[in-house]
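Attaching a single structure in structure tokens format; questions to follow.
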Amino acid sequence: MVRSLKIAGVGFIVIAVLIVLWPIVLATLGIMAALVLSAWVAHRWRQWRAVAAFRTSWGVGGRDLLLVYSNSPHWKDYIEQNWLPRFADRVVLLNWSERGAWKVEHPIEAALFHAFAGEREFNPLAVVIPKRGSRARVVHFWLAFRDFKHGKEQKLRMAERELDDALSRNRGMATTMAKTPGGA
């Protein structure tokens, strides 16, 4: 009997604690959900503002591609010889090796980069700005060039096709990426 009273007492205490803590748990979950939602809205707002600023600054001239790369020997020459001539009329360049000057010299491009690049594998990177909306298409090339320097071209060709597809859909016409030497 004493044992059953102890069990009942423990059960009663557990139920009482749950009743008392339940509003606190719900409030905590609500606050956490509000914070996550606020962070998501702030991120989307930042992306929208970056796309709108890029469009205002560069869209009039038909520029819809931000290409970020560095002076790395693994991709600099390849990009400058194969991509820049093909996309000269629509590309805006941002050099990662000169990022110290971005805030002053390239604030619009830097804002776009920071809004879409992520925290890993962001160099080289292409951001294709849509004609409308804020859903830019991002193509990461770091892994592709890592494999390319070891003689494996498949990931680079796939990433180039992804960029080509995004640019083609954006303009409604084919680009010349598929004609890259060795390309598919």
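Since every read-out is calculated from the coordinates, none of them should be taken as a lab result. Only a predicted model underlies this, so the values are computations on that prediction, with no experimental measurement involved. As a convention, Cβ positions derive from the backbone with ideal geometry for all residues, glycine included, and neighbour counts pool all protein chains shown.
In the chain, which longest range has no trypsin sites (Lys or Arg not before Pro) that are both DSSP loop (not H, G, I, E or B) and surrounded by at most 15 other Cβ atoms within 10 Å?
Counting at most 15 other Cβ atoms within 10 Å as exposed, the longest clean stretch of the chain is 1-119.
Just one of [x] 23, 20, 16; [y] 51, 21, 15; [z] 57, 12, 10 is semi-axes √(5λ) of the Cα gyration tensor in Å as worked out from the coordinates here. Which one is it?
It is the one labelled [y].
Same structure, new question: Which residue, chosen from Gly11, Ser38, Leu143, occupies the Cα position most advanced towards the positive end of the dipole of the chain, where the dipole is computed from +1 (Lys, Arg) and -1 (Asp, Glu) charges on Cβ about the Cα centre?
Looking along the dipole axis, the top candidate is Gly11.
5 Å is the cut-off here: which amide hydrogens, built 1.01 Å from N in the peptide plane, fall below it relative to Val92, excluding neighbours closer than 5 in sequence?
Distant-sequence amide H within range of Val92: Leu65, Leu66, Leu67.
Based on other C-beta atoms within 10 Å, arrange Leu163, Leu93 from fewest to most.
By the 10 Å Cβ count, ascending, the order reads Leu93, Leu163.
Which of Ala53, Ala34, Ala110 moves most in a GNM of the chain, Cα contacts under 10 Å?
Largest GNM mean-square fluctuation: Ala34.
Work out the length of the dipole vector of the chain about its Cα centre, built from +1 on the beta-carbon of each Lys and Arg and -1 on the beta-carbon of each Asp and Glu, and round it to the nearest 20 debye.
500
Out of Pro73, Pro130, Pro23, any idea which swings most in a Gaussian network model of the chain, alpha carbons joined below 10 Å?
Residue with maximal mean-square fluctuation among Pro73, Pro130, Pro23: Pro23.
Pairs of lysines 8 or more apart, or on different chains, with alpha carbons under 29 Å: count those in the chain, would you?
12
What is the distance, in nm, between label points placed 7 Å from the Cα along the Cα-to-Cβ direction at Ala52 and at Val20?
The modelled label-to-label distance comes out at 5.0 nm.
Please order Met32, Met158 by the number of other Cβ within 10 Å, starting at the fewest.
Met32, Met158
For the pair Lys152/Ala39, report the inter-label distance in nm, with labels modelled 7 Å from Cα in the Cβ direction.
About 3.2 nm separates the two model spin labels.
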